[in-house]
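What follows is a single structure, written as structure tokens, with notes after it.
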Amino acid sequence: MPSKQYIVSLTADERQSLEKLTKTGIAAAAKINHAHIILKADINHPDGGWKDHGNLLPKMHVLN
């Protein structure tokens, strides 16, 4: 498996800011979704962050 392309490491202040953004819900939906993804990808996450065993998006099949 290829190495990670991006490694996300948040400080406590950055994590708190993103968590506040996701909990208040006063922002654009895309911004809130990005905050959720960054929080999950953080290697300092209490659960260790997301593992790289699979794509985040389902595989798309091209129809001819």
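For residues that are farther than 20 Å from residue 6 by Cα and acidic (Asp, Glu), tally how many sit in the stretch 18-45. Even if it seems obvious, please write down each step before you answer.
Residues of the stretch 18-45 that are farther than 20 Å from residue 6 by Cα, as a first pass: 19-29.
Among the residues that remain, those that are also acidic (Asp, Glu) are: 19.
Residues in the stretch 18-45 being farther than 20 Å from residue 6 by Cα and acidic (Asp, Glu): 1 in total.
Entry remark, the stretch 10-35: residues being modelled with pLDDT under 90 and open to solvent by 60 Å² or more (accessible area, probe 1.4 Å) number 1 in total.
The values are calculated or read from the model by the stated rules, or taken from the named source; none is laboratory data. Note that the structure is a prediction, hence the values are computed from the model and not measured. Accessible surface areas use protein heavy atoms only, side chains included; no ligands, DNA or RNA. Shrake-Rupley method; radii C 1.70, N 1.55, O 1.52, S 1.80 Å.
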